[in-house]
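Data first, discussion second: the structure below is written as structure tokens.
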Amino acid sequence: MSLNSADIKRIAHLARIEVSDTEAEATLTKLTGILGLIEQMQAVDTKGIVPMSHSQDVTQRLREDVVTETNQRELFQSIAPAVKEGLYLVPKVIE
Amino acid sequence: MEWEVVIGLETHTQLQTKTKIFSGASTAFGSEPNTQACVVSLAFPGVLPVLNQEAVKCAIKFGLAVNAEIAPRSVFARKNYFYPDLPKGYQISQYELPVVGKGSMTIQVVNGDKAYEKVINITRAHLEEDAGKSVHGAQEGMSGIDLNRAGTPLLEIVTEPDMRSAAEAVAYAKKLHDLVQWIGICDGNMQEGSFRCDVNVSVRPKGSDKLGTRREIKNLNSFKFMQQAIEYETSWQIETLEDGGTIQQSTVLFNPDTGETRAMRSKEEANDYRYFPDPDLLPLAISESDISNVKADMPELPEAMKARFEAQYGLAHYDANALTSSRGTANYFVATVDAGSDAKLAANWVMGSVSAKLNAEDKEISESPISPNALASLIKRIQDGTISNNAAKQVFEAMWADEGDVDSIIESKGLKQVSDSGAIEAIVDEVLAANAAMVEEFKAGKEKAFNALVGQAMKASKGKANPAQVNEILKKKLGG
């Protein structure tokens, strides 16, 4: 799989990262290198091996369904750029 | 050309837990904005999700209820996208390994004058977190964000594209709506968004086995809108194709005011959620004993109860079905029978007068002013011949209006049936004397005249005579 700089721009946009043209060139080289590494890894026969979804071989601990959090809205909103009537304000979202 | 519509549903059900799926913040509906938005809901740096065991139990319950495989090991994944109501920049969901696998549900469809059953296959159901809400109009040029809902546990239930009409889709959605409430995992409140359906619709020439391009109708929050939206969307797609156009895969919204579906402004690029396993969460393991513990807590399922009603009480399939449409109705029926009522009469009353009244007053069966015990006492008075069926309807109305108990209403309204054969004989004699012409007609072979005489006798008794006895006595007198 080979990438071009348009792919880099698209990936950067999906991640909401601003990338200049020069940076895009450098990123292209780096990402192509990573994909090359993955290609090499994909050559390994993994038939019959369960895909690893976590690096630790343990399973999820569960929590009791009990309310432990209290209302700290005032504290949390004290560092928000804009709030009104208890709402966090953000630039208008249109669907 | 004849077209066929193909429909699949994705339903988001909010699970009835006290706290969020990954934090101990309350999930109560209707609180002041952001008073239930804790550091996890707000995605503060460094916070970690801890899975709520109740949400997992709900998923297992659902899996058991639709005979699905419950994954011994399932994995949480990050679904990446940016939106202000999702502060983390990703939704924790399940992708490759969902907690509930393939299952199925049998639905009852009534489409015009056709009624039939159909099996709908469930592809999967997975746990995920809900997003927050955007509120418009708080300030010019800005949107307000309320993150109380962020992190509320959802079970997303996905079907195969098995439905072939709006009627089938609505029948499935209603059945699912009943089921999740029956097993107590979701309150089913569509107005508050506890049960939200996305409907995938495509059309293809009848007989084709290739799927057409689908459009997804988002966030339908009533069955009526679902029906309208699917019908509109189906004809729109057929018209577009017949006019030589093509269908673009897209997301559409239904406008209840116009009854139309409209494509959302298409995003600059197709969604690419870049799913990957969430490193903050370990795989979820569910053991056989976890499953059997949940099973032990489950109520009798509607399908099992339906079969039992047919076998134990001799109810017709249709009646057993109607009575198990909701757990409340089923419990009410069982309580009425347990209080001494005949089962078939109880079934008729619950599905007839009780449900008509509830519908008319937009009430749940739990709000019925007539308790199962009271209904049983009314039915017992029909069984023992104290009142006629017609009188029972009047008594029912009075009981509904809280005018007293069965016996005092029968007494005060003078509805007691006359079963004294001497009294009935006297009435019949009067009627025969006053209607000599009818008697002649009957003797001349006119069967109808007999019914007219019964009617006259009933009228003369002000409806209180026991009709069976009137019949009998009249027959005897005319025959003699």
Flagged in region B:317-340 as touching a residue at least 40 places away in the same chain (Cβ under 8 Å), hydroxyl-bearing (S, T, Y) and out of contact with any Ser or Thr (no Cβ under 8 Å at 6 or more places or on another chain), in numbering order, are B:S325, B:S326, B:T336
In the set B:A376, B:A360, the lone residue that is modelled with pLDDT of 90 or more, under 16 Å from B:A346 (Cα atoms) and part of a helix (DSSP H, G or I) is B:A376
| said: Criterion first (loosely packed, with under 15 Cβ neighbours inside 10 Å and under 30 Å from B:D146 (Cα atoms)) does B:G89 satisfy it? | reply: yes
Here the qualifying pairs (Cβ atoms under 6 Å; residues six or more apart or on different chains; first in region B:78-95 and at the interface with chain A (Cβ under 10 Å from one of its Cβ atoms) and under 9 Å from B:G132 (Cβ atoms); second modelled with pLDDT of 95 or more and assigned to a loop (DSSP other than H, G, I, E, B)) come out as B:D85/B:A131; B:D85/B:G132; B:P87/B:L42; B:P87/B:A43
Residues in region A:83-95 that are closer than 21 Å to B:V39 by Cβ and more than 7 Å from every other protein chain (Cβ to nearest Cβ) total 1
Those residues of region B:33-53 which are under 33 Å from the mean Cα position of the chain (by Cα) and in contact (Cβ under 8 Å) with a residue 40 or more places away in the chain amount to B:P33, B:N34, B:T35, B:Q36, B:A37, B:S41, B:L51, B:N52
By residue number, the members of region A:47-81 that are within 8 Å of another protein chain (Cβ to nearest Cβ), hydrophobic (A, V, I, L, M, F, W, C) and over 25 Å from the mean Cα position of the chain (by Cα) are A:V66, A:V67
In region B:451-470, anything surrounded by fewer than 16 Cβ atoms within 10 Å (Cβ to Cβ) and free of Cβ contacts under 8 Å to residues at least 60 places away in the same chain is listed as B:N451, B:A452, B:G455, B:K459, B:K462, B:A468
Of those in region B:64-77 that are crowded, with 19+ Cβ neighbours inside 10 Å and within 9 Å of chain A (Cβ to nearest Cβ), the residue farthest from B:S134 (Cα to Cα) is B:V75
Checked region B:38-59 for anything in a loop (DSSP other than H, G, I, E, B) and facing chain A (nearest Cβ under 7 Å); matches are B:C38, B:L42, B:V50, B:L51
The condition from (1) closer than 28 Å to B:Y273 by Cβ; (2) touching a strand residue (DSSP E or B) at 6+ places or on another chain (Cβ under 9 Å) that A:V19 misses is numbered (2)
_Residue match in region B:101-117 (condition: within 12 Å of chain A (Cβ to nearest Cβ) and either surrounded by fewer than 19 Cβ atoms within 10 Å (Cβ to Cβ) or touching a Leu at 6+ places or on another chain (Cβ under 8 Å) (or both))_ = no
Of all strands (runs of 3 or more DSSP E) fully inside region B:118-161, the set with 1 or more residues that are closer than 24 Å to B:P98 by Cβ and either facing chain A (nearest Cβ under 10 Å) or more than 21 Å from the chain's Cα centre (by Cα) (or both) is B:153-159
| Can you spot a residue in region B:125-134 that is modelled with pLDDT under 95, of a type outside the set (D, E, K, R) and either surrounded by fewer than 22 Cβ atoms within 10 Å (Cβ to Cβ) or over 22 Å from B:V294 (Cα atoms) (or both)? | yes
Residue check for B:G132: in contact with an Asp or Glu (Cβ under 6 Å, 6 or more places away or on another chain), under 30 Å from A:P81 (Cα atoms) and touching a residue at least 40 places away in the same chain (Cβ under 8 Å) = yes
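The values are calculated or read from the model by the stated rules, or taken from the named source; none is laboratory data. This structure is a prediction, so every number in the text was calculated from the model and none was measured. Note that each Cβ is placed from the backbone with ideal geometry, even for glycine, and that neighbours are counted across all protein chains shown.
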